[in-house]
1. So which residues in segment 90-119 are part of a strand (DSSP E or B), open to solvent by 10 Å² or more (accessible area, probe 1.4 Å) and touching a Leu at 6+ places or on another chain (Cβ under 9 Å), if there are any at all?
2. Taking into account only those residues within segment 54-65 that are at pLDDT below 85 and among the hydroxyl-bearing types (Ser, Thr, Tyr), which is farthest from Asn90 (Cα to Cα)?
3. For segment 120-135, give me each residue that is modelled with pLDDT under 90, buried (at least 21 other Cβ atoms within 10 Å of the Cβ) and not aromatic (Phe, Trp, Tyr).
4. For the list (1) at pLDDT below 95; (2) of a type in the set (Val, Ile, Thr); (3) more than 17 Å from Leu24 (Cα to Cα), I need the number of the one condition that Thr111 fails.
5. Return the residue satisfying two criteria in turn: it lies in segment 1-53 and is among the small types (Gly, Ala, Ser), out of contact with any Phe, Trp or Tyr (no Cβ under 6 Å at 6 or more places or on another chain) and not in a strand (DSSP E or B), and of such residues it is modelled with the lowest pLDDT.
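The values are calculated or read from the model by the stated rules, or taken from the named source; none is laboratory data. Note that the structure is predicted; figures quoted are calculated from it, not measured. When we count neighbours, we look across all protein chains shown, and the Cβ atoms used for this are built from the backbone with ideal geometry, even at glycine. Heavy atoms of the whole protein, side chains included, go into the accessibility calculation; ligands, DNA and RNA do not. Shrake-Rupley method; radii C 1.70, N 1.55, O 1.52, S 1.80 Å.
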Amino acid sequence: NQSVNVDIDFVDSVVSGSSDTINLVVESHTDGDVTIEGVETVNITSQGFVTNVLDINDTGTSLTSVTVTGSANLTLNDTTALEAEVTTVNASALTGNLNLTATNAAVMTITGGSGDDTIVLGDTYVSTDTVNGGAGTGDVLAVGEDELVAITTTALAANVTNIERIRVTEALGGGDNV
């Protein structure tokens, strides 16, 4: 079990395109940041016997997509929100549990896997976000008070699928009807 921060830098000419990808394999990684500059997609394979914990950071503005596979549980971005430019997190091939904090302001498309996933959007859920909890049977979506009210409307409820429980991340105020 290790807690390590890693900075991955590329020569500009190596990541000058618009479809650069890096593949990361994490095993027994109990905490730390991975800072990557210049790539648009990060593919994470989570393996081992403990929950892997890491924050993905981008020092620029190019990272837009994170794909997660593997069998080990993964906690992604528990201490910092995903970068504002990240619009897609696809963990459909992850068999472990995903715990994702995606409280960035970007319009998000999030797909969970076959584990029991927890997706924290906090007070950043908007009507154009799409959340699919995946095939797990204990998936949780955590949202703010106003977002909870918004999700219960018919139009927005269609954007949230395969979620078994909704958790409110702040106290409900007076006059809120759910």
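1. Our first condition is that a residue be part of a strand (DSSP E or B); within segment 90-119, this holds for 90-94, 98-101, 109-111, 118-119.
In the following step, the residues that additionally are open to solvent by 10 Å² or more (accessible area, probe 1.4 Å) were identified as 90, 92-93, 99, 101, 109, 111, 118.
Passing the criteria: Asn99, Thr101, Thr118.
2. Taking the candidates together, the pick is Thr59.
3. Leu121, Asp129
4. (1)
5. Result: Ser13.
Matching residues to (1) open to solvent by less than 20 Å² (accessible area, probe 1.4 Å); (2) not hydrophobic (A, V, I, L, M, F, W, C):
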residue: Ser18; (1), (2): no, yes
residue: Val25; (1), (2): no, no
residue: Val34; (1), (2): yes, no
residue: Thr41; (1), (2): no, yes
residue: Ile44; (1), (2): yes, no
residue: Thr59; (1), (2): no, yes
residue: Leu63; (1), (2): yes, no
residue: Val66; (1), (2): yes, no
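To keep it simple, each residue is scored yes or no on (1) farther than 24 Å from Thr130 by Cα; (2) out of contact with any Ser or Thr (no Cβ under 6 Å at 6 or more places or on another chain).
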| residue | (1), (2) |
| --- | --- |
| Glu27 | yes, yes |
| Asp31 | yes, no |
| Ile44 | no, yes |
| Gly48 | yes, no |
| Ser65 | no, no |
| Gly70 | no, no |
| Asn77 | no, no |
| Thr80 | no, yes |
